[in-house]
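The values are calculated or read from the model by the stated rules, or taken from the named source; none is laboratory data. As the structure is a prediction and not an experimental result, all values here were calculated from the model. All Cβ positions, even for glycine, are placed from backbone atoms using ideal geometry, and neighbour counts span all protein chains on display.
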Amino acid sequence: MRTVKLFGRGWENAIGLAVDTELVFYTGAGAERSGLSGMFKAEGWVESWLCSACGRILLYGIKN
Ligand SMILES: [Zn+2]
């Protein structure tokens, strides 16, 4: 097992550039964005592990 970094990528523009965002936080399924900042309130962060034998990715939530 080794730690891995998960990230999302937005749509690429005409010259192939896009914004990557690391996926590191979690919150409850019913959480709503703040009306002021547009951000979710994180309950904790995510640690990601990849099994080098079968490729399974395990996620662990670590509370703030
Ligand atoms: Zn495995």
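Working only within the stretch 42-62, note down all residues that are surrounded by 13 or more Cβ atoms within 10 Å (Cβ to Cβ), away from the ligand (no atom under 15 Å from the Cβ) and assigned to a strand (DSSP E or B).
44, 45, 46, 47
Please go through (1) modelled with pLDDT of 95 or more; (2) exposed (fewer than 11 other Cβ atoms within 10 Å of the Cβ); (3) in contact with a Ser or Thr (Cβ under 7 Å, 6 or more places away or on another chain) for residue 8 and return the number of the only condition it doesn't satisfy.
Among (1) modelled with pLDDT of 95 or more; (2) exposed (fewer than 11 other Cβ atoms within 10 Å of the Cβ); (3) in contact with a Ser or Thr (Cβ under 7 Å, 6 or more places away or on another chain), residue 8 violates only (1).
I'd like to know if the stretch 43-58 contains one or more residues that are of a type in the set (Gly, Ala, Ser), at pLDDT 95 or above and within 14 Å of the chain's Cα centre (by Cα).
Yes, the stretch 43-58 has at least one match.
I need every pair where a residue in the stretch 1-28 that is farther than 11 Å from residue 47 by Cβ has its Cβ under 8 Å from the Cβ of a residue that is basic (Lys, Arg) and assigned to a loop (DSSP other than H, G, I, E, B), sequence separation at least 6 or different chains.
22/5; 27/41
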